[in-house]
Amino acid sequence: MATRGFNSDVLFEILSRADLKTMSKCRLLSRECNALTYTPSFVRSHCERTNTLCGYLFCISTQSRDLGRFSSIGNPVPAVRPKSINFKFLCDTKNSLRILAVVDIGLFLCQRGIRYVVCKPTTCQWRVIPAPRSQDSSQPSPYFMTVLKSKPLKFKILRLRLQPHGVGNFNCEIFDSDIWAWKQLDDLNLPDSQSLKDYRHAISVCGRLYWITLIQDEYNILIFDQDKENWAVNLAVPDPCKNRVLYEVKLSVCGGKVAILGKRRDSETVEVWVLRYNHGEAWWSKMQSIFNLENLKRTGLVFLPNADAILTWDCFTIARNASGSTILSTENRSVYFLQADYEPIPGLRWAIQNQKLLN
């Protein structure tokens, strides 16, 4: 299918009525289709016209009574109760629930007591997975989940456990939904000259996980392929942002692509770079520069250093909640973008079934 002959208004009307699976496929047709489906107006219309939940989950604490606050993007009619996310089908007054990992299609990895649960809150479905083989150190390990296929559901969960004898040495385990078990991978041992900027923060794009690394005073990117289960350090950050003395950088997702946000240390300027491919060769494209960050903060647009995702091209709109007031970032809050449907996933249990397995 080609987009030639279709103007943007026609594409808008067609794609804004498509289900999430169809829309995801259409994003691969052309750069025009991909960019259109990430604009704020399209996202709002798509939520109105389809049975879709879309917005940001701001996680504040790990307690079940305060798992987070969901800010819906598409809820234009005040009389209609906003679509939201809750975990009442998993929680009770005796056990707390921790969110360990989130996939943007609305699949969660949670820990309830000693139980690990994969769940889809929009359909109130869940399934217990085995606990990781190795015991946690004094510092809880981060988990990173990627969905490789939606029908039938196939996902993997990577767990990194920092070794006590070095800042660049990690024990690696991966959970494979095909065998419903954890596998031990080779340890990740970075060279002495290299370290992860923040091993707890990674982004997931097209089945790959990305981390920022430091090699002396320069930034680089570490990649883990969830499907192939291998590591690679073969991607540089944009040349202007390489020097950590001049820039503070973070990874994000913009328009479904890997993005670098580079904040100059000597000014209130943020540069947004997007990773593109041309005949298999990767290159960085500068999307925009945001100046006068202090002025933007006063108008409600806030740079979120801990944000996990960017949905729209005017990327800092993620800092605003449904009422328009500013949501500030803290060290204990994570931000997750969700675009989920209400279609049940075969293989996951319903909330009313076998509740005793969670206890």
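Does the stretch 53-63 contain any residue that is modelled with pLDDT of 85 or more, of a type in the set (A, V, I, L, M, F, W, C) and under 30 Å from Arg159 (Cβ atoms)? The answer is yes, given that some residue of the stretch 53-63 is modelled with pLDDT of 85 or more, of a type in the set (A, V, I, L, M, F, W, C) and under 30 Å from Arg159 (Cβ atoms).
Listed by position, the strands (runs of 3 or more DSSP E) inside the stretch 207-247 whose residues that are of a type in the set (Lys, Arg) and surrounded by 15 or more Cβ atoms within 10 Å (Cβ to Cβ) number at least 2 form an empty set.
Let's see how each residue does on (1) more than 20 Å from the chain's Cα centre (by Cα); (2) modelled with pLDDT of 80 or more; (3) surrounded by 20 or more Cβ atoms within 10 Å (Cβ to Cβ):
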{"residue": "Lys94", "(1), (2), (3)": "yes, no, no"}
{"residue": "Gly106", "(1), (2), (3)": "no, yes, yes"}
{"residue": "Arg115", "(1), (2), (3)": "yes, yes, no"}
{"residue": "Pro130", "(1), (2), (3)": "yes, yes, no"}
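Among the residues of the stretch 190-206, which ones are out of contact with any Lys or Arg (no Cβ under 8 Å at 6 or more places or on another chain), not small (Gly, Ala, Ser) and not in a loop (DSSP other than H, G, I, E, B)?
Within the stretch 190-206, the subset out of contact with any Lys or Arg (no Cβ under 8 Å at 6 or more places or on another chain) is 190-200, 202-204, 206.
From the residues that got through so far, the ones that are not small (Gly, Ala, Ser) too are 190-192, 194, 196-200, 203, 206.
Within the stretch 190-206, Gln194, Leu196, Ile203 meet the criteria.
For the stretch 163-183, the tally of residues that are more than 16 Å from Arg133 (Cβ to Cβ) and either assigned to a strand (DSSP E or B) or of a type outside the set (A, V, I, L, M) (or both) stands at 7. Of all residues in the stretch 133-153, those satisfying the criterion of being under 17 Å from Phe224 (Cβ atoms) and not hydroxyl-bearing (Ser, Thr, Tyr) are Pro142, Phe144, Met145, Val147, Leu148. Count, please, the residues in the stretch 267-285 that happen to be under 16 Å from Leu235 (Cα atoms) and in a strand (DSSP E or B). Here the count works out to 11. Among the residues of the stretch 215-230, the ones that are within 16 Å of Ser195 (Cα to Cα), at pLDDT 90 or above and either in contact with a Leu (Cβ under 6 Å, 6 or more places away or on another chain) or aliphatic (A, V, I, L, M) (or both) come to 4 in all.
May I ask you to list the residues in the stretch 157-206 that are polar (S, T, N, Q), surrounded by fewer than 18 Cβ atoms within 10 Å (Cβ to Cβ) and under 27 Å from Tyr336 (Cα atoms)? Reasoning before the result, please.
Of the residues in the stretch 157-206, the ones polar (S, T, N, Q) are 163, 169, 171, 177, 184, 189, 193-195, 204.
Then keep just the ones that are surrounded by fewer than 18 Cβ atoms within 10 Å (Cβ to Cβ); that gives 163, 169, 184, 189, 193-195.
Ser195 - this is the single residue of the stretch 157-206 that is polar (S, T, N, Q), surrounded by fewer than 18 Cβ atoms within 10 Å (Cβ to Cβ) and under 27 Å from Tyr336 (Cα atoms).
Condition first: over 20 Å from the mean Cα position of the chain (by Cα), in a strand (DSSP E or B) and closer than 22 Å to Ser195 by Cα. Can you find one or more residues in the stretch 256-266 that meet it? Yes, some residue in the stretch 256-266 is over 20 Å from the mean Cα position of the chain (by Cα), in a strand (DSSP E or B) and closer than 22 Å to Ser195 by Cα.
The values are calculated or read from the model by the stated rules, or taken from the named source; none is laboratory data. The structure presented is a predicted model; accordingly, all values stated were derived computationally and were not measured. Positions of Cβ are backbone-derived with ideal geometry, glycine not excepted, and every protein chain shown enters the neighbour counts.
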